[in-house]
Number of protein chains: 2
Amino acid sequence: MQKQLIQEKLAQATQILDEFDTDLWLTFVRESALQADPVLGLIAGVDVTWHSAFLVSRSGQHTAVVGHFDAPNVQELDAYSRVIDYHEGIGDALRQAIAQYNPQTLAINYSESDVAADGLTHGMYLTLLRQLQGTPYAERLVSAEHIIAALRGRKSETEVTLVRQAIRTTEQLFDEVEQFVKPGMTQRQIAAFVHGRIAELGLDYAWPKAFNPIVTCGPESAVGHAVPGDAVLQKGHTLHLDLGVKQDEYCSDIQRMWYVLDDGETEAPLVVQRAFDVVYGAIKAGESLLTPGTPGWQVDEAARDFIVDNGYPEYMHAFGHLLGRSAHDGATVLGPQWERYAGICELPVEVGNIFTLELHVIVPERGIMSLEEDVLVTETGVEYLSVPQTKLRYIRP
Amino acid sequence: MQKQLIQEKLAQATQILDEFDTDLWLTFVRESALQADPVLGLIAGVDVTWHSAFLVSRSGQHTAVVGHFDAPNVQELDAYSRVIDYHEGIGDALRQAIAQYNPQTLAINYSESDVAADGLTHGMYLTLLRQLQGTPYAERLVSAEHIIAALRGRKSETEVTLVRQAIRTTEQLFDEVEQFVKPGMTQRQIAAFVHGRIAELGLDYAWPKAFNPIVTCGPESAVGHAVPGDAVLQKGHTLHLDLGVKQDEYCSDIQRMWYVLDDGETEAPLVVQRAFDVVYGAIKAGESLLTPGTPGWQVDEAARDFIVDNGYPEYMHAFGHLLGRSAHDGATVLGPQWERYAGICELPVEVGNIFTLELHVIVPERGIMSLEEDVLVTETGVEYLSVPQTKLRYIRP
């Protein structure tokens, strides 16, 4: 699966380089277990120790220059036509490998706006400049941010299959949570149950375990990326989970909502039900704008306006983000035109993008109301990969 | 434990800043789940999403500027006197926070020689320059590499305790492996056994699972960071494991050697025994030079010379590296003065450093002979944290 994935993505990369009229794309890394370039998993899927260069070319003939220790693992990928190993230092081998392509442009991994395209550290950038000094290539460096955004954003068939799998697993976990929880349990207990199941299933986390899942019980618990604490689930309050697993290196990211029925209740009070309807409606409003070519901020705006028009304060984050190898999977972002999202909300939605759609409102004295769905952008619109939550779920004491 | 650790390391950092006459040290990160600065675990131990600044001061009063979502987790550390949260963009808050210190030097995380001190990406560096434009601080940026090397290298009491714990666990796993293995098993089967035990114990890996443990069975298996394959363990061959676990965020990294007795044998053939003795002797030779103040390359040289003087080819890697939160835990390296190790082998050994000591030779037709010990540098010399392997261990069919 891993080998097929790398070959699929490198074939895509070749096309994307051509599309952006870029001759050669260099990913330059070292000690990737300690400081990985987020791109590495897409184009090599191996860890390397010494200075290593992955040269992806619009010709379709790619070259890797790695320490001799790491060469066998790269060779096994059957993805790089040449795997050059070195013993004492990468300098000569790197310069020769680049010169063989004589690229007019050499794209490297830095970006102010897209963290997933910003894998080159500043120290490695200085090393690269030093290594290329005196060659024509030092003057031909450009940012690979558009290449990486396209490569990461346009999911291949295998990638969609893997995200689907992670989503199915997550939905099963939500069903198990629903059976497990009872009023009186703390956030911590509910999170511990999920952690136990994730360990039993041998899964990884889409974001750090400390706040995955986020568990919000009633009005006391903090909103946001808070570590689950000692707030107790009570009747008449909402229960909210934000959970993402990583399975075979691909992630899910889903939020689900329950209401804990109070004594004598058979359904949620109007104020809770209305909050659900507005959050659900806002997701549908955003979804209706989620078509290829639309800039991210317009999708966000549709959802944001819906919330505000219905009398709730706007949410202080983006409506959606890409999902894939990581939970926040780089540009494009479906977010407002704030400084914090500079550049990445102008980018257009593309076919093959997998987005989360998420937002929340607060229900006074009851808790948070927050949903998150995972969807695939197709030629004609949107395909839900998660089974969307269309109704409030209930915990019956 | 985590909270105590952060407070211990920040107290150390305050002293180190003073030692290096540096006013303020900035760690500038975003989306740390996707692209973490290796320093973050030492000074904050939380993940952050938006642009975030951790300002550590020689005054001992530290400031964090983070997105509003992440503020509660940083506040809980009780380590930053001020936690400033922001909503739309970090710019103003960051500039104000720095200006309050009016630092004459502002250290940032980049380094050509030390990957663990090179957590600032090039895109984030450009963002920082842009944010500081027009302030005096743009001209006062210096590399934090010496600060980070000292902070990471000088293990605190809690850190030593945690590494000891990971080592004990690893040694128990080696004992279990010895009971489990039989001639006829493949590298893959042996690795799978270890993976199963690591999952049962809820441990993490000190380096990626794909080649952890490295399992070398006889002469066929590749040397180095190779993924365990289908080579079969046979009588008359050596068995070698290189295993590192991560337990409570701290790592072990140990290599152990077995010989599989052939029919009628009661001990290893002379050629195998001699290889063990030379590898063991080289580790002792290096150890004898491992004292505070000695540059790393001199320690390597002692071991390297011992190997060569005994008629074996030199090993094509460093003799030792720091061990801690990661298996390759930054500068100093006990390695030769090759281009690839530029700068980091000149650094002196310090009290509180935890090093691995490792090297191998090849025994023709028998397999690899490779040992690795984990040791703590003290005022007076070396304390072994692993129970050193002083004799070849045997697999009896």
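The values are calculated or read from the model by the stated rules, or taken from the named source; none is laboratory data. The structure presented is a predicted model; accordingly, all values stated were derived computationally and were not measured. As a convention, Cβ positions derive from the backbone with ideal geometry for all residues, glycine included, and neighbour counts pool all protein chains shown. Please note that ligands, DNA and RNA were not included when accessible areas were found on the heavy atoms of the full protein model with its side chains. Shrake-Rupley method; radii C 1.70, N 1.55, O 1.52, S 1.80 Å.
Working only within segment B:329-347, note down all residues that are in a strand (DSSP E or B) and away from every other protein chain (no Cβ under 14 Å).
In the first step, residues of segment B:329-347 are kept if they are in a strand (DSSP E or B); the result is B:333-334.
Correct list: B:L334 only.
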Members of segment A:85-125 that are at the interface with chain B (Cβ under 7 Å from one of its Cβ atoms), free of Cβ contacts under 8 Å to residues at least 24 places away in the same chain and part of a helix (DSSP H, G or I): A:H122, A:G123, A:Y125
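Between A:E8, A:E31, which is open to solvent by 10 Å² or more (accessible area, probe 1.4 Å) and either more than 22 Å from B:H122 (Cα to Cα) or not acidic (D, E) (or both)? Talk me through it step by step, then tell me what you get.
Values: A:E31 fails: either more than 22 Å from B:H122 (Cα to Cα) or not acidic (D, E) (or both).
Among A:E8, A:E31, only A:E8 is open to solvent by 10 Å² or more (accessible area, probe 1.4 Å) and either more than 22 Å from B:H122 (Cα to Cα) or not acidic (D, E) (or both).
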Does A:A116 fit the bill of being modelled with pLDDT under 95 and open to solvent by less than 10 Å² (accessible area, probe 1.4 Å)? yes
What pairs come up if the first residue lies in segment A:162-185 and is at pLDDT 95 or above, the second is loosely packed, with under 15 Cβ neighbours inside 10 Å and β-branched (V, I, T), and their beta carbons are under 7 Å apart, counting only those six or more places apart or on different chains? A:E171/A:V387
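Can you pull out the residues in segment B:51-70 that are within 13 Å of another protein chain (Cβ to nearest Cβ) and not in a loop (DSSP other than H, G, I, E, B)? Spell out how you get there, then give the answer.
Initially, segment B:51-70 is screened for residues within 13 Å of another protein chain (Cβ to nearest Cβ), giving B:51-52, B:65-70.
Within segment B:51-70, B:S52, B:V65, B:V66, B:G67 meet the criteria.
On the basis of being open to solvent by 50 Å² or more (accessible area, probe 1.4 Å) and more than 26 Å from A:Y394 (Cβ to Cβ), does A:D248 make the cut?
Numbers: open to solvent by 50 Å² or more (accessible area, probe 1.4 Å): yes; more than 26 Å from A:Y394 (Cβ to Cβ): yes.
Spelling it out, A:D248 is indeed open to solvent by 50 Å² or more (accessible area, probe 1.4 Å) and more than 26 Å from A:Y394 (Cβ to Cβ).
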Filter segment B:254-299 down to the residues that are in a helix (DSSP H, G or I), among the charged types (D, E, K, R) and touching a residue at least 40 places away in the same chain (Cβ under 8 Å) and list them by number. B:E287
Given the conditions (1) buried (at least 22 other Cβ atoms within 10 Å of the Cβ); (2) assigned to a helix (DSSP H, G or I), report the number of the one that A:V308 does not fulfil. (1)
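Can you pull out every residue in segment A:40-58 that is of a type in the set (S, T, N, Q) and under 16 Å from A:Q7 (Cβ atoms)? Can you show your working first?
In the first step, residues of segment A:40-58 are kept if they are of a type in the set (S, T, N, Q); the result is A:49, A:52, A:57.
If the condition is that a residue be of a type in the set (S, T, N, Q) and under 16 Å from A:Q7 (Cβ atoms), then A:S57 is the only one that fits.
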In segment A:71-84, residue farthest from A:F20 (Cα to Cα) [restricted to those that are in contact with a strand residue (DSSP E or B) (Cβ under 7 Å, 6 or more places away or on another chain) and within 14 Å of chain B (Cβ to nearest Cβ)]: A:A71
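Can you find even one residue in segment A:216-226 that is closer than 25 Å to A:N109 by Cα, within 14 Å of another protein chain (Cβ to nearest Cβ) and part of a loop (DSSP other than H, G, I, E, B)?
Pass one, segment A:216-226, residues closer than 25 Å to A:N109 by Cα: none.
No - not one qualifying residue is present in segment A:216-226.
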Tell me which residues, restricted to segment B:126-135, are open to solvent by less than 50 Å² (accessible area, probe 1.4 Å) and at the interface with chain A (Cβ under 7 Å from one of its Cβ atoms). B:T127
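Checking the structure you have, find out if any residue of segment B:267-287 is farther than 23 Å from B:H240 by Cβ and out of contact with any strand residue (DSSP E or B) (no Cβ under 9 Å at 6 or more places or on another chain).
At the first step, the residues of segment B:267-287 found to be farther than 23 Å from B:H240 by Cβ are none.
No, that holds for no residue.
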Apart from one, (1) of a type in the set (V, I, T); (2) closer than 29 Å to B:G296 by Cα; (3) more than 8 Å from every other protein chain (Cβ to nearest Cβ); (4) within 25 Å of the chain's Cα centre (by Cα) all hold for B:V48; the odd one out is (2)
Which is under 29 Å from B:E157 (Cβ atoms) and in the same structural domain as B:D242 (by TED's automatic domain parsing), of B:G335, B:G311? B:G335
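Table: residues versus (1) within 14 Å of chain A (Cβ to nearest Cβ); (2) touching a Phe, Trp or Tyr at 6+ places or on another chain (Cβ under 8 Å); (3) surrounded by fewer than 22 Cβ atoms within 10 Å (Cβ to Cβ).
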site: B:P313; (1), (2), (3): yes, no, yes
site: B:A318; (1), (2), (3): yes, yes, no
site: B:A327; (1), (2), (3): yes, yes, no
site: B:F355; (1), (2), (3): no, no, no
site: B:E358; (1), (2), (3): yes, yes, no
site: B:V361; (1), (2), (3): no, yes, yes
Single residue of segment A:363-392 satisfying the filter (assigned to a loop (DSSP other than H, G, I, E, B) and among the polar types (S, T, N, Q)) that is most open to solvent (accessible area, probe 1.4 Å): A:T380
